[in-house]
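The structure appears right after this line, and notes come after that.
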Amino acid sequence: MYRSFHIKSEIRVLAIDDSALIGDQILIVGAFFRGGDWLDGVMRTHVTRDGMDSTEAIVGMVKSSKHFGQIRVIMLDGVTYGGFNPVDINCIWELTEIPVVAVMRAYPDLRKIEDALLHLPEPKKRMDIILRAGSITKVRTKPGSNPLYIQCAGIEPQHAAKIVKLTATRSNIPEPLRVAHLIATGMVLGESRGKA
């Protein structure tokens, strides 16, 4: 089941990224944008490093936000936060009724992920959540740029790709995600660093 909506140039997007892995509680930041141009708000919460609470934390942050009724798409930086704390994008869609798009710079190596999860509690449950994110679609935001890869819940891949392209205004990465990364790393490290 997909939400039907018109993609406007100033579609309200909430992009979420995590900070550096310092300590057991990892800061995650949501940047609320109009399209890829205007930052309208910032929110934050925490997830447990290598825990199992990312989905719950994101849903709680989204639903408690004053922007909740305006958010048309939730954009995630991949499907794990705080190390290997998996995010169930379908559960987020079901509990918020807001479509979810997970964006990745590289095609995920599921074999490497599965091997890494063997060192953590409940590896099968974690892997099942990651696999539930579904099929992966390649998106090129600009001619000649490196491709991105997306997974979606509650939105058709072609519509999700259009939103990713629309919001990639300053670089290959959607601007809301780029800004969420800058804020999250800057708050924890004192200065932003690394790539979104």
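The values are calculated or read from the model by the stated rules, or taken from the named source; none is laboratory data. Remember, it's a predicted structure, so these values are computed and weren't measured experimentally. Cβ atoms come from the backbone with ideal geometry, glycine included; neighbour counts cover every protein chain shown. Protein only, heavy atoms only, side chains kept; ligands, DNA and RNA dropped before computing areas. Shrake-Rupley method; radii C 1.70, N 1.55, O 1.52, S 1.80 Å.
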Checklist entry - How much solvent-accessible surface does Arg34 expose, in Å² to the nearest 10, with a 1.4 Å probe and all protein chains in place? => result 60 Å²
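Under 1.5 on a/c is rounded, so check that first for the stretch 123-196, then, if it is not, pick prolate when a/b is larger than b/c and oblate when it is not; a ≥ b ≥ c are the square roots of the alpha carbon gyration tensor eigenvalues.
Numbers: a/c = 2.28, a/b = 1.15, b/c = 1.99.
The shape class here is oblate.
Please work out the average accessible area per residue across the stretch 50-196, using the 1.4 Å probe convention, and give it in Å². Working shown, then result.
Working: 6990 Å² over 147 residues.
Value returned for the stretch 50-196: 48 Å² of accessible area per residue.
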Checklist entry - How many percent of the accessible area of the chain is carbon or sulfur, using a 1.4 Å probe? => result 50 percent
Checklist entry - Taking a label point 7 Å from the Cα of Ser145 along the Cα→Cβ vector, which residues of the stretch 81-114 have an amide N closer than 17 Å to it? => result 101-107
Next on the checklist: Using 5 Å bins from zero, what percent of all Cα-Cα pairs in the stretch 67-173 falls into each bin?
Outcome noted: 2, 12, 22, 22, 18, 13, 7, 3, 0
Item to check | Stretch gain in nm, segment His119-Glu97, where the contour uses 0.36 nm per residue and the Cα spacing is subtracted | outcome: 4.5 nm
Checklist outcome for this item: the stretch 1-75 and the stretch 119-137 have their Cα centres apart by a whole-number Å value of 21 Å
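Antiparallel as a % of all DSSP beta bridges within the chain, to the nearest 5? Don't jump to the answer; show the numbers that get you there.
Numbers: 27 of 35 bridges.
That works out to approximately 75 percent antiparallel.
Find the relative contact order for the chain and round it to a whole percent, using C-alpha pairs within less than 8 Å whose residues are 6+ positions apart. Don't skip to the end; give the middle numbers.
Working: 412 pairs, mean separation 48.0, N = 196.
This gives 25 percent for the chain.
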Checklist entry - If amide H atoms are built 1.01 Å from N in the plane of the peptide, which residues on other chains or at least 5 residues away come under 5 Å of the amide H of Thr80? => result Val87
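For the chain, go through all pairs of different Cα atoms, get the mean of 1/r, take its inverse, and jot down that Kirkwood value in Å.
About 16.5 Å, per the Kirkwood formula over Cα pairs.
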Checklist outcome for this item: A correct Karplus calculation of ³J(HN,Hα) over the stretch 16-27, with 6.51 cos²θ - 1.76 cosθ + 1.60, θ = phi - 60°, whole Hz and x for Gly and Pro, returns 10, 9, 9, 8, 5, 7, 10, x, 8, 9, 9, 5
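Mean residue ellipticity at 222 nm from the helices of the chain, using -39,500 (n - 2.57) per DSSP H segment of n ≥ 4 over the full residue count, to the nearest 500 deg cm²/dmol? Could you put the intermediate results ahead of the total?
Values: 6 runs with 62 residues, N = 196.
Taking each H run of at least 4 residues, the total per residue is -9500 deg cm²/dmol.
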